[in-house]
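The values are calculated or read from the model by the stated rules, or taken from the named source; none is laboratory data. Keep in mind the model is a prediction, meaning the values are calculated, not measured. For neighbour counting, all protein chains shown are included, and Cβ atoms are generated from backbone atoms with ideal geometry for every residue, glycine included.
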Amino acid sequence: MEYRHTPVMLKEIIEYLAPRPGENFIDCTLGGGGYTKAIMDRLGETGKILAIDLDSLAIANAGIKLKAPIENHQLYLAQENFKNLSNIVKKYFSPETKFDGIVFDLGLSSAQLEDRSRGFSFNLADAPLGMNFGEQIEETAENIINNWEIKDLTKIFREYGEEKFAYRITLAIVRERQIERIVTTNQLVKIITEVIPKRFQDKKTHPATKIFQALRLAVNQELDNLRQVLPQAVSLLAPGGKIAVISYHSLEDRIVKQYFREASKDCLCPPIMPTCRCGHTAEIRILTRKVLIPTAEEVLKNPRSRSAKLRVAEKI
Ligand SMILES: C[S@@+](CC[C@H](N)C(=O)[O-])C[C@H]1O[C@@H](n2cnc3c(N)ncnc32)[C@H](O)[C@@H]1O
């Protein structure tokens, strides 16, 4: 299958990371290889890039398209979860190696969304309720839908999906699963569209969008992965090295924003403390005081970029 994905905010990523010959980089979310290729093209023969993805399709696609740099030991591919970044890096680089840039482009690629067998989309043919980014993820949307308790289902629909009708949808799911196991995307879409009152169904956005997004975040533990990896990434940077994160969900962006804010402060003691007791010292300097978003032109060309938010910081 052809791997289709248009890289988002590529120009901004390259401008901020400014890769130069001989440098070391990590692309934590390889996808279609858009960033990896653009970075690698600027690293020359002596630079190296490690590209990580949970998805075997992404790894296989890069294996074919970027065969020469792999053979030249310029590019290393790792089918892993980036939450284990420090350990992944140890497999490919010496312990003292530091990196000049680390990039994250969170969420899922167009190729994954459009792959009928994965269950990420409510617009395509009926599919099993999987929704994992790769074989290493054992959780499935089917398990969550059929086995989680009412309070836990409502919580993810409300928090991750910001779904107004979270509780009502949960009750309908629980009613339905007592009659028949919910195993396909169409079964779930039918339940959701029947529960959300017609006058609240937005013509531009499919009524199942928020529930599908919440399930995907829960299946892949996306917020936890992000929380775990940010400090590891910063500790792997060389002084002056940059970390760039593109997120597509407000909760993800909040995690990045808060982490950057804390990591850029010299003291985290509450303001009432007369002197610092925590001993925390700033590790990074924030380069994007205001979050960056794609240009109107990019959104027009690639509507999937519309919710992207980019934050960049530099290691001190
Ligand atoms: C938006 S796509 C990246 C697209 C890429 N920047 C490009 O230009 O083609 C996100 C990718 O990150 C991968 N991914 C998401 N979470 C991951 C994780 N915790 N560990 C490894 N890969 C992950 C997904 O499988 C997907 O391929």
The one condition Ile196 fails out of (1) crowded, with 17+ Cβ neighbours inside 10 Å; (2) over 20 Å from the mean Cα position of the chain (by Cα); (3) closer than 17 Å to Asn220 by Cβ is (3)
I'm told Ile145 meets every condition in (1) more than 12 Å from the ligand (Cβ to nearest atom); (2) in a loop (DSSP other than H, G, I, E, B); (3) hydrophobic (A, V, I, L, M, F, W, C) except one. Can you identify the failing condition by its number?
(2)
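Go over the candidates Arg4, Arg20, Arg42 one by one and state the one that is within 14 Å of the ligand (Cβ to nearest atom) and surrounded by fewer than 19 Cβ atoms within 10 Å (Cβ to Cβ). Break it down stepwise before answering.
On the way: Arg20 fails: within 14 Å of the ligand (Cβ to nearest atom); Arg42 fails: within 14 Å of the ligand (Cβ to nearest atom).
Of Arg4, Arg20, Arg42, the one residue that is within 14 Å of the ligand (Cβ to nearest atom) and surrounded by fewer than 19 Cβ atoms within 10 Å (Cβ to Cβ) is Arg4.
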Output the number of the condition that Gly31 fails; it satisfies all remaining conditions of (1) within 16 Å of the chain's Cα centre (by Cα); (2) in contact (Cβ under 8 Å) with a residue 60 or more places away in the chain; (3) outside any loop (DSSP other than H, G, I, E, B).
(3)
From the residues in region 199-209 that are assigned to a helix (DSSP H, G or I) and either of a type outside the set (Lys, Arg) or assigned by TED's automatic domain parsing to the domain that holds Tyr259 (or both), which one is nearest to the chain's Cα centre (by Cα)?
Thr209
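Do the conditions hold for Ala58, that is, is it at pLDDT below 95 and under 30 Å from Gln187 (Cβ atoms)?
For Ala58, the condition - at pLDDT below 95 and under 30 Å from Gln187 (Cβ atoms) - is not met.
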Given (1) within 16 Å of the ligand (Cβ to nearest atom); (2) assigned to a helix (DSSP H, G or I); (3) over 22 Å from Arg181 (Cβ atoms), number of the condition Glu135 does not satisfy:
(2)
Take the residues in region 240-299 that are touching a helix residue (DSSP H, G or I) at 6+ places or on another chain (Cβ under 6 Å) and among the β-branched types (Val, Ile, Thr), then tell me which one is nearest to the ligand (Cβ to nearest atom).
Val245
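Of all helices (runs of 4 or more DSSP H) completely enclosed by region 34-114, which ones contain at least 1 residues that are without any contact (Cβ under 8 Å) to a residue 12 or more places away in the chain, touching a Pro at 6+ places or on another chain (Cβ under 9 Å) and farther than 28 Å from Met131 by Cα?
Passing ranges, in order: 34-43.
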For Gly34, are the conditions met, namely being in contact with a Ser or Thr (Cβ under 8 Å, 6 or more places away or on another chain), within 8 Å of the ligand (Cβ to nearest atom) and assigned by TED's automatic domain parsing to the domain that holds Ile246?
yes
